[in-house]
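Since the structure comes first, as structure tokens, the remarks are kept for the end.
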Amino acid sequence: MTDINRRAITAQIKGTRGRILSLLREGDWTVDDLAGQLGLTDNAVRFHLDALERIGTVEKGDLRRSTGAGQPAVLYSLSQAGEDEFSRAYAPVLIAFLEELHERMSTAQVIAFLKRIGRRLAANSPPSPGSLAARVNGAAQLLNSLGGVTTVEKRGGSYHIVGRACPLSRAVEADHCLCAAVTSLVSEVVGANVTERCDRSERPRCCFEISSDHRVRTTAHG
């Protein structure tokens, strides 16, 4: 999902559209169902559903067959993207998971484990073809699709993927080792040397330096 779509989804969770999304979390509804629950006209509900469908939070499903002579009605449901926006469980679960790992492994073993996680995540995103610049931009787009807000900067002979927001910020604040997984992911996608230089002074902000067009070991600072 792009950052623009994510911001649009977050905005839609408020007001009438937020009430629609909350109802759809409970199950599938028709336009008439939603109109009755919200005290709106069918046309007003359709207007909001069309907007939510365009940004990907709502999707059309099966038809509800009428017992009378009327036409079957379309059932609307919450999409996976819409469901994800309501989830706040990832951070505490991830933090607890990392704490458990640290109780059973050394820091070096945890970092090695997280690098393997990054490579596993990259398996669904093969390296972008073309120049190093194209591959770096592809990696930045991938991070944005995962909830980051990044740009690419050229500094001398290296590229930097610079983040303005980190999708794992709460977990990173608890355990910096988590950056190793993202560093490994970026390295696999660009097929080049990647050094993690994230800013953790206040609110975590990602930064990855890609310094060459050759495959070498990634560097993640724990």
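The values are calculated or read from the model by the stated rules, or taken from the named source; none is laboratory data. Predicted, not measured: the structure shown is a model, and the values here were computed from it. Virtual Cβ from ideal backbone geometry, glycine too; neighbours counted across all protein chains shown.
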Of GLU99, GLU103, the only residue that is closer than 19 Å to LEU168 by Cβ, assigned by TED's automatic domain parsing to the domain that holds CYS177, modelled with pLDDT of 90 or more and of a type outside the set (Phe, Trp, Tyr) is GLU99
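With the structure loaded, tell me whether GLY163 is touching a strand residue (DSSP E or B) at 6+ places or on another chain (Cβ under 9 Å), surrounded by 14 or more Cβ atoms within 10 Å (Cβ to Cβ) and part of a strand (DSSP E or B) or whether it fails that test.
So GLY163 passes the test.
Hey, among GLU99, GLU85, which residue is under 14 Å from the mean Cα position of the chain (by Cα) and either of a type outside the set (Gly, Ala, Ser) or over 15 Å from PRO167 (Cα atoms) (or both)?
GLU85
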Which of (1) without any contact (Cβ under 8 Å) to a residue 60 or more places away in the chain; (2) out of contact with any helix residue (DSSP H, G or I) (no Cβ under 6 Å at 6 or more places or on another chain); (3) more than 30 Å from THR30 (Cα to Cα) does THR150 not meet, given it meets every other one?
(2)
Residue identified as within 15 Å of the chain's Cα centre (by Cα), surrounded by fewer than 21 Cβ atoms within 10 Å (Cβ to Cβ) and within 19 Å of CYS206 (Cβ to Cβ) among SER158, SER169:
SER169
Output for the stretch 18-41, where each listed residue is part of a helix (DSSP H, G or I) and within 27 Å of the chain's Cα centre (by Cα)
GLY18, ARG19, ILE20, LEU21, SER22, LEU23, LEU24, ARG25, GLU26
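Which residues, counting only those in the stretch 53-105, are of a type in the set (Phe, Trp, Tyr), more than 20 Å from GLU26 (Cα to Cα) and touching a Leu at 6+ places or on another chain (Cβ under 9 Å)?
Going residue by residue through the stretch 53-105, those that are of a type in the set (Phe, Trp, Tyr) are 76, 86, 90, 97.
In the following step, the residues that additionally are more than 20 Å from GLU26 (Cα to Cα) were identified as 90, 97.
Answer for the stretch 53-105, where residues must be of a type in the set (Phe, Trp, Tyr), more than 20 Å from GLU26 (Cα to Cα) and touching a Leu at 6+ places or on another chain (Cβ under 9 Å): just TYR90.
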Which numbered condition ASN124 fails, given (1) under 21 Å from the mean Cα position of the chain (by Cα); (2) more than 16 Å from LEU168 (Cβ to Cβ); (3) assigned to a helix (DSSP H, G or I):
(3)
Residue satisfying all of: in the stretch 114-128; surrounded by 15 or more Cβ atoms within 10 Å (Cβ to Cβ) and hydrophobic (A, V, I, L, M, F, W, C); nearest to VAL189 (Cα to Cα) among these:
ALA122
Is it the case that some residue within the stretch 74-93 is part of a helix (DSSP H, G or I) and modelled with pLDDT of 90 or more?
yes
How about the stretch 69-98: which of its residues are loosely packed, with under 14 Cβ neighbours inside 10 Å and among the polar types (S, T, N, Q)?
GLN71, GLN80, SER87
So which of ARG46, ARG19, ARG65 ends up being basic (Lys, Arg), modelled with pLDDT under 90 and out of contact with any Gly (no Cβ under 8 Å at 6 or more places or on another chain)?
ARG65
Any chance VAL136 is at pLDDT 90 or above, within 26 Å of GLU100 (Cα to Cα) and not in a strand (DSSP E or B):
no
Which one is surrounded by the most Cβ atoms within 10 Å (Cβ to Cβ) among residues in the stretch 174-199 that are part of a loop (DSSP other than H, G, I, E, B) and touching a strand residue (DSSP E or B) at 6+ places or on another chain (Cβ under 9 Å)?
ALA192
Does ARG170 count as modelled with pLDDT under 95 and touching a Leu at 6+ places or on another chain (Cβ under 9 Å)?
yes
